[in-house]
Amino acid sequence: MKPDTPIIPIEPIERRILFLRGQRVILDSDLADLYGVATKVLNQAIKRNLKRFPEDFMFQLTKLEKEEAVTNCDRLSNLKFSTVLPRAFTEHGAIMAATVLNSDRAVEMSLFVVRAFVKLRRALGAHEDLARKLEALEKKYDSQFKIVFDAIRELMKPPDKPNRPIGFHTTE
């Protein structure tokens, strides 16, 4: 890496990765931002090289998916009034996008993007591995430790977000 290129930790990239259609993806606006180009420039390069982007590399969001992404991610509020439906890139699509851009920054940032996807894959794999081991233990020890296994499963569930009203409310 060149000395004048800022180092970007993987965590901010991980926050840009969404789970859509059963896949971890990054939207074109986020990818363009990481690669240091305008979203329009990225999409033009993609259009010129569509053969390199099969459905398992990239897909276009539906209107409903776009609305859901904007609603759930505050950082995507700039997409709210856009008439263009964003593209979503899988890990392989993000790498391919770096190759069609052919800039030093895109190549360097693609390494960080790949590492972020790999880190998320490992975390998910560890969680699935733990669930398999727990199931094997439960079969082995039957009902002796049912309460313990149920408690561990509850701890493995993601926390429910409380639905608190936003703003100032008075009681009458």
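Observations on the structure shown:
- At R0 = 41 Å, FRET efficiency that the Cβ-Cβ distance of ALA38 and ARG122 yields, to 0.05: 0.80
- Derived scalar couplings ³J(HN,Hα) [the range 48-65; Karplus, 6.51 cos²θ - 1.76 cosθ + 1.60; whole Hz; x for Gly, Pro]: 5, 10, 4, 4, 7, 10, x, 4, 7, 9, 7, 8, 9, 5, 7, 4, 5, 5
- Taking θ as phi - 60° and the Karplus parameters 6.51, -1.76 and 1.60, the scalar couplings of the range 79-85 work out to 7, 4, 9, 6, 7, 8, 7 Hz in sequence order, x denoting glycine and proline.
- For the peptides 66-73, 87-94, 45-52, 112-119, the ranking by packing is 87-94, 112-119, 66-73, 45-52, with the highest mean count of neighbouring Cβ atoms within 10 Å listed first.
- With the highest mean first, a sort of the peptides 76-83, 31-38 on other beta-carbon atoms found within 10 angstrom per residue produces 31-38, 76-83.
Computed from the coordinates by the stated procedures, all read-outs in this text should not be read as laboratory data. Please read all numbers here as calculations on a predicted model, not as lab measurements. Glycine also receives a Cβ, built like all others from the backbone with ideal geometry; neighbour counts cover every protein chain displayed.
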